[in-house]
Amino acid sequence: MKKLSIKLSVLGFVFLSGVCGNKASAAPYPDSRVITKLTWDTNVVKLRDGAGDNWPITQVEDDLQITAFGDGDGFDRENPDLSLGFCRIIGDPPDHAGEDFKSDADTPEGSGSKGIKASGLLMVDGTLYMFVRNYKPDGSSDFTNSRLAWSMNRGVNWTWADWHFSQTFGRPEFVQFGKNYQGARDDYVYIVSQANDDAYAYSPDIVMARTKKDKLKDRRSYEFFADLNADGSPVWSADIRDRKPIFTDANGSQRIAMTYNAALRRYILTTSHLPPGKKATHTAALGIFDAPEPWGPWTTVYYDHDWSKGARTYHHKFPTKWMSSDGKTMWLLFSGLDGGYYSFCLRKATLEISGK
């Protein structure tokens, strides 16, 4: 295993301005009354061009984070290209570094949708869980399923569930709290997904499932968000057919993530969307939303049809480890197909908070 130092890239020519949060009139929800402004740093910090994309990430019991990449060779150029590969992330930006490690889940490059990719990683009480997308069951030609796996040694060896999602939860992502799931709201693990079975298509809706954290391996334990009671509390159903969205955007949602900003007591949702009149698998658009609960009610922090100035970017997320103690600074992790973003990319966001 080879530890690599960070390579700093300043991409101000792509992000023409780092000023203020854009809450466009086309946003699906009203402006946030808690986070009143978001300002982007003009610099983008990258770990090695061409390393791969996707980068779901979670913090383990210590300061280490584990992530996964798709269709690349990670941070160590000696590796062949993988559809699914794993890395460790050490330190904090801009002084962080990455190193690859071998896993028995390493998968040869699958050319986009034809190979499994990690869509979510979560460390819970010493067990690392992973959802993969693009899973094709034996004897099938359908690559639009998702499957769970878990590891007892931080991702080196994996055990696969004997079940998979074949509808709606095509790109599951775990709601992230603190390291090793510290600071979680309760004893449940929450899973969100765009409400379709294709990670390369947009859905107007986002759906949610939950299960007790010690029952993640058991499909029978899963419940699905089905409605809100009159007092705003959620209704859960064991029947996936009862599912209802926790979030809706007429412009669509894709490659979503949700993390908890403990200092602000707000859930932060990031989404890609499809600007009106545009047809594309990926776009330069970005939406950021906040809510007091993981099912809402949602308000808009930032919404821009062209956040990355024409470069197609996706898999945006705010890792909880890189949120400041006061919650006002966060680092957005993302990747993309253009502008040199096919890499582990970070951009700092500074928040202005109402009354603070």
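The values are calculated or read from the model by the stated rules, or taken from the named source; none is laboratory data. Because the structure is a prediction, the values reported are computed rather than measured. In this analysis, Cβ positions are derived from the backbone assuming ideal geometry, glycine residues included, and neighbour counts consider all displayed protein chains. For the accessible areas, the whole protein counts, side chains as well, though only heavy atoms, and no ligand, DNA or RNA atoms are used. Shrake-Rupley method; radii C 1.70, N 1.55, O 1.52, S 1.80 Å.
Assorted remarks:
- For Trp160 and Arg33, the difference between the fully extended length at 0.36 nm per residue and the C-alpha to C-alpha distance is 41.4 nm.
- Overall, the chain carries a charge dipole of about 440 debye about its Cα centre when +1 sits on the Cβ of Lys and Arg and -1 on the Cβ of Asp and Glu, all other atoms neutral.
- Net length gained if the chain between Asp326 and Asp242 were fully extended (0.36 nm per residue, minus Cα distance): 26.4 nm
- Option label - Rg and Dmax of the Cα atoms in Å computed here, alternatives [x] 20.3, 63; [y] 18.6, 58; [z] 23.2, 95: [y]
- Reported value for segment 137-277: 148 Å³ per residue, from the convex hull of its C-alpha atoms.
- Per residue accessible area in Å² of the chain, where ligands, DNA and RNA are left out and the probe is 1.4 Å: 38 Å²
- A simple packing score, the average count of other Cβ atoms within 10 Å per residue, orders the peptides 115-127, 269-281, 156-168 as 115-127, 269-281, 156-168, with the highest score first.
- Across every direction, the projection of the convex hull enclosing the Cα atoms of segment 87-159 has a mean area of 6.0 nm².
- Sites Lys217 and Ala97 - FRET efficiency at Förster radius 30 Å, r taken between beta-carbons, to 0.05: 0.35
- The fraction of accessible area contributed by carbon and sulfur in the chain is 47 percent, rounded to a whole number (1.4 Å probe; ligands and nucleic acids excluded).
- For segment 220-297, a/c is not less than 1.5, where a ≥ b ≥ c are the root eigenvalues of the C-alpha gyration tensor, and a/b does not top b/c. That puts it in the oblate class.
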